[in-house]
Each structure stands twice: as C-alpha cells, then as structure tokens.
Amino acid sequence: MDDRFGKSDTLAGIAVGNDGEGDADLGLNRVQVPSDCINALAIGACDSRESSWKRASYSSVGPGRSPGIVKPDLVDFGGALDRPFLTLGISSTPSLESTGGTSFATPSALRAAAGILAHFETNISPLSARALLVHGAECDEHDRKEVGWGRIPQSLDDIVICDDDTVRIVYQGSISPAKYQRVFVPMPDGLISGKVAITATICYKSRTDPHHPGNYTQAGLDVSFRPHDQKFSRAGQLHPDTKSFFGKNSAGLFEDEQRRDAWKWENCLHDSHTYMGKSLKNPCFDIHYNSRLEGRDFRPDVSLPYSMIISVRAKSIDDLYDQVVRKYATRLEPIRPSIEIPIRT
C-alpha cells in the first residue's frame, strides 16, 4: 500500500484500530497495520467535538516506527460512551443508531480534506490538503503518542481563512535530488515590535524499500531555518546562520541521532516557534532533497513533490495579512475559493 500511495496523487486515510485499552506493557495498544503507512494518514479517535477533548479510550496509540514515528497522524471525533457517533440505521424506518470507533473517525477526517479540495478545486493538491490538516491541528497539551499532531479543525473556516494579524502561505511544487530550494517566510516591511509566531508544516510522499526497514524511505528533506539574512557567524560564509526549527540542530549528529532527534527521513514535519520581531529579517527555509536506495546514495530520475505551509502571526500588526499581500503582490498569489461549501458538524 505504501508503494502504491507513494506513486500516486491519492490522499488516503486509514483507521489506527480500536485496541487502545490493550496491555501497554506488551504493546497490545499500538496502532494496527496498515495504519503505519508513511504515505497515508493514520486516523485515531477523540471523544468530543467540543473544546474540551481527549483521545477516545479505545483508540490505538503510537508511536509508529522510524520513519513514520508520529502515529496516529491526526484524530477526529469517533464517538464515546457518553457521546456516541450517530449513523443512519439500516432498517426500513429511518432512525439514528449509536456507535463509535476509529473507522468512523477516519471518513470524518477525510471529509474535511475533501472540503478543502472542493473549496479550492485545482489550486490545491491532495498533498497540500494533508499538510493543511496537520498545520491546523489542535494538540493542546495532549501526548503526541496518543493524538499525533492533534485533532483536525472542527470548522473548514479554521483552515481556509486567516485572521487580520495572520498570514498563511501554501508552497507546493517539486524538488530534484541533491538540490536546494529556498522558501521565503513573508514578512511586512520595517521592524516588527513584540513577538512573532511562525508555524511551519512540510509533507511529501516517498518511495519505500520494504526489504530494508531500517532505511524504509527513499527520500528525505533536510529543512534549515535562516531567521536573519544579515547574521553570519564567520567570515566568508555564503549563507546566513541557521536556527533549529524541526527538532534539534542536526549539525554534527550521527545518523541514528538525526533520525531520533532531527526527524531525518520523516515525510511529515510540523512545529511552531515564537521569536522577537527584531530577530527576524527576510527569514527563509532552505530545503535539501536527500535520496537513497537500500541504504546507499541514489539519484532517482524523478523529482519529489512536496507541500509546505507557513503561518506568520504578529499580534502587534492588525493588518499583517493586507501588508503581506501588498508587498508580495508579484511573488505570491491569493488562493481564491472556487465554490463556497458550508460544512456543518
């Protein structure tokens, strides 16, 4: 399945299973096969659509293997004893039946992805829809092993609409092996007072080597964050200094340390950091495509599709969105909805 999903433009969702109450010491509560696919969304269940929520007790937990260590990817409402998932009964008389499970949370999650794709039509790829779901996920203080990146936003508006003090950028394209691509973080002109929150998510699909589980993915993206284009730590340095964003700074780490701490070879990365406005000047991310085959260096003939979502929020600027749109009018294009689809839950 991973190989098929890695070669196609399909966005698939797979339920993680309902063994969450199994023996944790024996690993009987772990996510079930095939939800450990890296090229599909593993969906768990939460117990409520309200602001106060947690993992449904029956929903299987992570972590997954490495790569693919964040499993489940996301959770959505799947029903609980006091809040069942309601479905239409199969009897001749129309009636509602109470049920629950990750098999109900999964199509509910894909419904949100379908809403994004229908809202923006051809402007957004299925890979970008996946990245947007992860980008907007609500995690709060929940354990990542239980809820992954978090609960899927309960309203389509939370994904497709920005507040006035926030701008959200979708970068989607492809990158060639061993090449670098620079992705700019849009900022308004002048010095920003106060703090600036930057949230970034990057997703890509990868071919797999099932016979080499230790080197399962054939593709990996190294992502470096450069917050200030005038900060250089040594003379003759070509590019500005980097700062860790996804995991620890990987400089000087061994391979096993990079896999564990710097998320090397993971095909979905997401994090958020807050900076002082004065520490940012023309910030950017540099993306480097690494490829391998059976654990050795490899240069495939095809480029790697990816999607990166970046959100910038500055509470001190009430019209941040408008300022960025004006400044980058020739470089960024507003994604306009094709149709309005009211989604109610």
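Just so it is clear, none of the values below were taken in a lab; they were calculated from the coordinates. All figures in this text were calculated on a predicted structure; none of them were measured in a lab. Every residue, glycine as well, gets a Cβ built from its backbone with ideal geometry; the counts of neighbours run over all protein chains shown.
Take the Cβ-Cβ distance between Asp297 and Asp165 as r, set R0 to 45 Å, and report the resulting FRET efficiency rounded to the nearest 0.05. Taking R0 as 45 Å, the efficiency between Asp297 and Asp165 is 0.50.
Spacing of the modelled spin labels on Glu121 and Ser91, each 7 Å from Cα toward Cβ, amounts to 4.4 nm. Viscosity 1.567 mPa s, temperature 4 °C: give me the Stokes-Einstein translational D for segment 129-244 in µm²/s, with Rh taken as the Kirkwood radius over C-alpha pairs. Stokes-Einstein gives a translational diffusion coefficient of 73 µm²/s. Between Asp286, Asp23, Asp143, the Gaussian network model of the chain with springs among Cα atoms under 10 angstrom shows the greatest mean-square fluctuation at Asp23.
Only aspartates and glutamates eight or more places from Lys205 in sequence, or on another chain, were considered; those with a Cα closer than 20 Å are Asp2, Asp3, Asp9, Asp36, Asp73, Asp222, Glu266, Asp271, Asp286, Glu294, Asp297, Asp301.
Scaled against 2.2 N^0.38 Å for its residue count N, the alpha carbon radius of gyration of segment 2-158 is 1.03. In straight-distance terms, cross-link reach from Lys54 covers every one of the aspartates and glutamates whose alpha-carbon lies under 12 Å from its own, apart from those fewer than eight places away in the same chain; here that gives Asp76, Glu138, Asp140, Glu141, Asp143, Glu146.
Each Lys and Arg adds +1 at its Cβ and each Asp and Glu adds -1 at its Cβ; summed about the Cα centre, the chain shows a dipole of about 1040 debye.
Taking each pair of different alpha-carbon atoms in segment 164-327 once, compute 1/r for the pair, average those values, and report the inverse of that mean as the Kirkwood hydrodynamic radius in Å to one decimal. Don't jump to the answer; show the numbers that get you there.
Details: mean 1/r = 0.0586 Å⁻¹.
Computed over Cα pairs of segment 164-327, the Kirkwood hydrodynamic radius comes out at 17.1 Å.
Panel order for Glu21, Glu146, Glu141, by other beta carbons found within 10 Å of each beta carbon, from fewest to most: Glu141, Glu21, Glu146.
Between the residues His239, Phe5, His270, the greatest Cα displacement towards the positive end of the dipole of the chain, with unit charges on the Cβ of Lys, Arg, Asp and Glu, is found for His239. Annotation note: trypsin sites (Lys or Arg not before Pro) in segment 16-55 located in DSSP loop regions with a Cβ neighbour count of at most 15 within 10 Å are Arg49.
A cut-off of 5 Å between modelled amide H atoms, ignoring neighbours fewer than 5 places along the same chain, links Arg151 with Val75, Glu138, Cys139.
DSSP beta bridges fully contained in the chain are about 85 percent antiparallel.
Counting each pair of different Cα atoms once, what's the Kirkwood radius of the chain in Å, rounded to one decimal? Intermediate values should be presented prior to the final figure.
Values: mean 1/r = 0.0470 Å⁻¹.
Radius from the Kirkwood sum: 21.3 Å.
Here the average projected area of the convex hull drawn through the C-alpha atoms of segment 128-196 stands at 7.6 nm².
Please find the FRET efficiency linking Asp82 to Ala235, where r is the Cβ-Cβ separation and R0 is fixed at 51 Å, and quote it to the nearest 0.05. It would help to have the intermediate numbers written out before the result.
Values: r = 65 Å, r/R0 = 1.27.
The computed FRET efficiency comes out at 0.20.
The angle between the Cα long axis of helix 126-135 and the longest principal axis of the Cα atoms of the chain comes to about 90 degrees, rounded to the nearest 10.
Computed from Cα atoms, the angle from the helix 102-120 axis to the main principal axis of the chain rounds to 50 degrees. Which one, Asp189, Asp25, Asp229, has the greatest fluctuation when you compute a Gaussian network model over the chain with C-alpha springs under 10 angstrom? It is Asp25. Straight-line cross-link reach from Lys231 at under 17 Å between alpha-carbon atoms covers these lysines, not counting any fewer than eight positions away in the same chain: Lys243, Lys278, Lys281. When the chymotrypsin sites (Phe, Trp or Tyr not before Pro) in segment 275-313 are filtered for DSSP coil states and for at most 15 other beta-carbon atoms within 10 Å of their beta-carbon, the remaining sites are Phe298.
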